[in-house]
Every structure is written in structure tokens, then in C-alpha cells.
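Taking it in order: structure first as C-alpha cells, then the write-up.
The values are calculated or read from the model by the stated rules, or taken from the named source; none is laboratory data. As the structure is a prediction and not an experimental result, all values here were calculated from the model. Glycine gets a Cβ as well: all are built from the backbone with ideal geometry, and neighbour counts include every protein chain shown. What goes into the accessible areas is simple: the full protein's heavy atoms, side chains included, and nothing from ligands, DNA or RNA. Shrake-Rupley method; radii C 1.70, N 1.55, O 1.52, S 1.80 Å.
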Amino acid sequence: MRSLRSVAMLRFSKYHGCGNDFVILTEESVLGRDYQELARRICHRQLGVGADGMIIVRQNPLEMIFFNSDGSRAPMCGNGLRCFAKFCFDEGICIREEYPVETLAGTMGVRIMGKNPFLVEIDMGKPDFDPKRCGIKTNRDSFLNQKLLLRDGEIKISSCFMGTIHTVVWLDQPETAGMDLSNEKDMEQLGEEISNHPVFSEKTNVNFVQILSRKTLKLTTYERGAGMTFACGTGACASVVIGAVQGRCERDAYVLLPYGQLRIEQKSDDTVMMTGPAARTAYGYYEEE
């Protein structure tokens, strides 16, 4: 006889922002579960639904609880927050045009800019260049244009906290630690090595950025806890912010991604605004043993 097994059916929705994809569930549907383990299972590309991360929607007050696909919790996710807003709109949880959302990185402002296609502007707050905020082991006041020693050489990087910790690698620099960064495998290997470098006590997201013009950047991101991703909203913000500080781009620029683009604008008070799309791709039930 076949053994009987206890099965729970979790209602989920799947969304993406410029290719960065997320499984979204309400807090009520997953109460009492180990969120870290659930994220690992449901985000698995072969054995689960498959996603870069898992978002849990908490209400009263409205809060985004975010986990990477490896089960680690992250303070914030820019693309995820736009998808969070689209989910809340689709489900009737919040249909206002402007409202705050709580995250581990603080309160983020959401503004719906369009509904067909769905466009969201996010108040991402201000960047923080204090290495302590990023968990960087250094005595410096900032960690910009710093040489990092790797296995096969050294590379120049710049880091800041923009909702979460981000490190930027400019693709026009000759020092790439022996890597061919036109090769995706080499880029992934370098991203993993930088992300796990001992100088970063909490690891780091790594953004490989090509300057196309003063108003246009092209971005590829290695996310801690998820690996190579098609898009990263906080990474796009960090890239424009650091680029502007170093005189490489304007404070208002577009960031091109494989499946869309984001507009990043740093206001006169240094607040960073991110505008981009979000779309639902699927919904259904996840069978949980």
C-alpha cells in the first residue's frame, strides 16, 4: 500500500521586475512555518516554484518580509518592493496611489505611476557610505575606489549601503583579477569571490557596471544569497549613486537590464527615487509536504 502523507497547499503568486522574479505569499497563509526553510524550498528552480527570492506580505502595518533563495533574510529588495506593490494592488490589499511600506532597511515610500503597464516609483531613502553600515572591516571613512586583493590579482571596487550592501565593479577598468568579464562564467566566479571576501563580514551584492553614456548604464548583478540575477533595483540605485560621486554619470540616469530598464534619480537632498515595472507571471498552489 502507498503510504499516506500530509500535504499542505500554499496559495502563491509569482511576479517579476525586469526579470528579477519572486514568489509572494501572505503572512496568514504561512503562519507557524520556518520562513528560511520555506524560502529554500519554494524558490528552488527544479524542486519548487523557482525564484530569486520569497516575499511575505504582512498587513497592519504593511510590511515586506524578504528572503533570498538560499533562505537568508535581506533588509530590502528594490525590484521585490515594486512586485510587492503590484501584488497588493492585484489582491486589493492596498489600492492607494501612495503609501509607506515597512522593511528591515526602514520605511519605503511607494507611488503608483501607471497601471497599464504597471509602473512604480519607490522612495529608496538615502545612500550610506559608512563602512560600518555595510559590515566592512576597515578603518576608512568610506570604501570607494578601493583595491581588493583576490586569488588571481587585485580589482578596484566601491561599496555603499543602499537598502542593503552593494559593491560596484566598473567594467572599463583594466584590473579584473585575471578574469574575462565578457564571459558570464568568469563574471559569476568573480562576483562570488568578492561577495564572500573576508573584508565583508555580512557578504555583499556585486554589481558589474558598463557606462554607455552619462545618462545610461548597463548592469549585471551577483546577489548574495541568490547568485547571478537578471535585475537588482537596489544595485541599480547604488550603481548610479556611486557613479555620480565618482563623476562617471549623472545623478538622474537609466539603468539597462536584460528584461527592462529602471530610472534612478538622486534628488538634491540625496534621496534616491527608483521607477520601474512589475508584472505577475503566475499564481497557483505550492504543494508542501
Look at segment 189-220 and say how many of its residues are farther than 11 Å from V255 by Cα, polar (S, T, N, Q) and either within 15 Å of the chain's Cα centre (by Cα) or part of a helix (DSSP H, G or I) (or both). 5
Take segment 233-275 and flag every residue that is within 21 Å of T107 (Cβ to Cβ), touching a helix residue (DSSP H, G or I) at 6+ places or on another chain (Cβ under 6 Å), β-branched (V, I, T) and not in a helix (DSSP H, G or I). I264, V272
Among (1) surrounded by fewer than 19 Cβ atoms within 10 Å (Cβ to Cβ); (2) under 17 Å from the mean Cα position of the chain (by Cα), which single condition is I242 missing? (1)
Tally, over segment 149-177, of residues that are touching a His at 6+ places or on another chain (Cβ under 8 Å) and within 17 Å of V209 (Cα to Cα): 2
Can you name the condition, by its number, that D186 falls short on among (1) more than 26 Å from H44 (Cβ to Cβ); (2) over 19 Å from the mean Cα position of the chain (by Cα); (3) open to solvent by less than 50 Å² (accessible area, probe 1.4 Å)? (1)
For G92, indicate whether it is out of contact with any Ser or Thr (no Cβ under 8 Å at 6 or more places or on another chain) and over 28 Å from I42 (Cα atoms). no
Based on what the data block shows, is D90 touching a residue at least 60 places away in the same chain (Cβ under 8 Å), open to solvent by less than 70 Å² (accessible area, probe 1.4 Å) and over 23 Å from F12 (Cα atoms)? no
Just to be sure before I move on: is T275 touching a Leu at 6+ places or on another chain (Cβ under 8 Å) and in contact (Cβ under 8 Å) with a residue 60 or more places away in the chain in the structure I sent? yes
For segment 197-219, what are the residues that are open to solvent by 20 Å² or more (accessible area, probe 1.4 Å) and touching a helix residue (DSSP H, G or I) at 6+ places or on another chain (Cβ under 6 Å)? K203
Could you pull out the residue among F129, F118 that is open to solvent by less than 40 Å² (accessible area, probe 1.4 Å) and within 30 Å of P61 (Cβ to Cβ)? F118
Among (1) farther than 26 Å from R45 by Cβ; (2) free of Cβ contacts under 8 Å to residues at least 40 places away in the same chain; (3) surrounded by fewer than 17 Cβ atoms within 10 Å (Cβ to Cβ), there is one condition E192 misses while meeting the rest; what is its number? (1)
With criteria (1) in contact with a strand residue (DSSP E or B) (Cβ under 8 Å, 6 or more places away or on another chain); (2) open to solvent by 10 Å² or more (accessible area, probe 1.4 Å); (3) modelled with pLDDT of 95 or more; (4) under 23 Å from G233 (Cα atoms), H44 comes up short on (1)
Tell me, which strands (runs of 3 or more DSSP E) wholly within segment 35-128 include 2 or more residues that are more than 15 Å from the chain's Cα centre (by Cα)? 53-58, 98-103, 106-115, 118-123
Kindly provide the set of residues from segment 223-233 that are out of contact with any strand residue (DSSP E or B) (no Cβ under 6 Å at 6 or more places or on another chain) and within 16 Å of E265 (Cβ to Cβ), ordered by number. none
Complete set of residues in segment 94-111 that are over 29 Å from T167 (Cα atoms) and either open to solvent by 20 Å² or more (accessible area, probe 1.4 Å) or polar (S, T, N, Q) (or both): I95, R96, E97, E98
Search result, residues across segment 157-190 that are modelled with pLDDT under 75 and either among the charged types (D, E, K, R) or within 15 Å of T204 (Cβ to Cβ) (or both): E175, D180
Considering only residues that are part of a loop (DSSP other than H, G, I, E, B), surrounded by 14 or more Cβ atoms within 10 Å (Cβ to Cβ), in contact with a helix residue (DSSP H, G or I) (Cβ under 8 Å, 6 or more places away or on another chain) and of a type outside the set (S, T, Y), which ones fall in segment 132-161? none
